[in-house]
Amino acid sequence: MSVNDLLEEVLQLSPASRASLVEKIVESLAADIDPAIERSHLDEIQKRMQQVASGEGAVIPGDEVLLRARSLLQK
């Protein structure tokens, strides 16, 4: 079965069933992440959380980040 055929089948499922399927697919991908890469990501997250807590960094709302990214992409 091709990806497109599978997608057509999946789109016929209820929204709740599609959401459940997505969760299972994401979980399966997470299991394949290289532990060294995962450790690096977790270290970076910890570093940034400490920067925000100390006032050295700031949290930017997600909608603002998306607006900035779209603006940069349009240039």
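The values are calculated or read from the model by the stated rules, or taken from the named source; none is laboratory data. Not measured: the values here are computed from a predicted model. Here Cβ is always computed from backbone atoms with ideal geometry, including for glycine, and neighbour counts include all displayed protein chains. Heavy atoms of the whole protein, side chains included, go into the accessibility calculation; ligands, DNA and RNA do not. Shrake-Rupley method; radii C 1.70, N 1.55, O 1.52, S 1.80 Å.
Considering only LEU29, LEU13, LEU42, the Gaussian network model of the chain with Cα springs below 10 Å gives its largest mean-square fluctuation to LEU13.
Explain nothing, just the number: dipole magnitude of the chain about its Cα centre with +1 on each Lys and Arg Cβ and -1 on each Asp and Glu Cβ, in debye rounded to the nearest 20. With only Lys, Arg, Asp and Glu charged at Cβ, the dipole is about 400 debye. Surface exposure of the chain, expressed per residue as accessible area with a 1.4 Å probe, stands at 91 Å². Computing the accessible area with a 1.4 Å probe over protein heavy atoms, can you report the carbon and sulfur percentage for the chain? On the chain, the fraction of accessible area on carbon and sulfur atoms equals 60 percent. Dipole of segment 21-75 computed with +1 at Lys/Arg Cβ and -1 at Asp/Glu Cβ about the Cα centre; of LEU42, ILE25, GLY62, farthest Cα towards the positive end is GLY62. Which of VAL22, VAL65, VAL52 moves most in a GNM of the chain, Cα contacts under 10 Å? Highest fluctuation among the options: VAL65. Mean residue ellipticity, 222 nm, helices only, the chain: the sum of -39500 (n - 2.57) across DSSP H runs of n ≥ 4, divided by residue count and rounded to 500, is -24500 deg cm²/dmol.
Residue separation of ALA16 and GLN50 scaled by 0.36 nm, minus their Cα-Cα distance, works out to 8.5 nm of gained length.
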